[in-house]
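Input: a single structure, listed below in structure tokens.
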Amino acid sequence: MAQVILPFLLWLIVTLVYAFKFQLNIVLPNSYVMTLFALPIILIIFKKFSFSKLGFRVGKPVTGLFFMILLPLILFLRFYFMGSSFRLTGFPLALILGSIAEEFFFRGYLQEEFKKPFGTIGSFAITNFLFALVHFIKGYSILGLVSTGLIGLYFSITKDRQGGDSLFYSMGAHSLYNIVVS
């Protein structure tokens, strides 16, 4: 039971920081991104979580790179064949940093912590439900919530043994996805 409480509490902190990020950014710039990085690092420092569990390894490069580019490529081609021009509307570095931070916390920390009590499938489901809920605060519709959860599931598979077996690939996929849809 204690294994489950800490990850949920940390997710709640992340969610509250995201909900109040405009107020918090006055005191701490990029408070959401900083929180996503800081919480797992604090746990690593106090030996409550192992750095090796985050998934920073080479893994399976061919599979990982395939998953990393598949979804962004499909979306790019969809926009291209629909006649939409590709325009980068967001700030690329901010999009990439936000993506890396979310993967660090959600797939690197939460997903791994939830594997112990819930197994791989349960971990994927819970992690991506919580991932979608954080994005729901942005004002996403229910359909947006579901699609965000499914895209998160894609990132989970990309990170796990079924995909590239490395956090690097889900970070890359998430970054490319955000750049294409921005």
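What the table below lists for this structure:
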| read-out | value |
| --- | --- |
| Ranking of 33, 27, 58, 181 by count of other Cβ atoms within 10 Å, fewest first | 27, 58, 181, 33 |
| Kirkwood hydrodynamic radius of the chain, from inverse mean 1/r over distinct Cα pairs, in Å | 16.7 |
| Cβ-derived FRET efficiency at R0 41 Å, residue 20 paired with residue 65, nearest 0.05 | 0.65 |
| Volume per residue of the C-alpha convex hull in region 86-182, rounded to whole Å³ | 94 |
| Length gained when the stretch residue 3-residue 78 is fully extended (0.36 nm per residue, less Cα-Cα span) | 22.8 nm |
| Packing-based exposure ordering (other Cβ within 10 Å, fewest first) of 31, 147, 85, 170 | 85, 147, 31, 170 |
| Gain on full stretching of the segment that runs from residue 147 to residue 161 - 0.36 nm per residue minus C-alpha separation | 2.8 nm |
| Given charges at beta-carbon only (K, R positive; D, E negative), |dipole| of the chain in Debye | 160 |
| Assigned charges on the beta-carbon of Lys, Arg, Asp, Glu; region 91-182 dipole about Cα centre (debye) | 100 |
| Farthest toward positive dipole pole in region 52-181 [+1 Lys/Arg, -1 Asp/Glu at C-beta], among 59, 89, 131 | 59 |
| Theoretical ellipticity at 222 nm over the chain - DSSP helices of four or more residues, -39500 (n - 2.57) apiece, nearest 500 | -24000 deg cm²/dmol |
| Sites residue 12 and residue 93, calculated FRET efficiency, Cβ-Cβ separation with R0 30 Å, nearest 0.05 | 0.60 |
| Span per principal axis, largest first, for the Cα atoms of region 24-109 (Å) | 52, 40, 15 |
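Just so you know, all these numbers are worked out from the coordinates, no wet-lab data involved. Model, not experiment: these values are computed from the prediction. Note: ideal-geometry Cβ built from the backbone for every residue, glycine included; neighbour counts use all protein chains shown.
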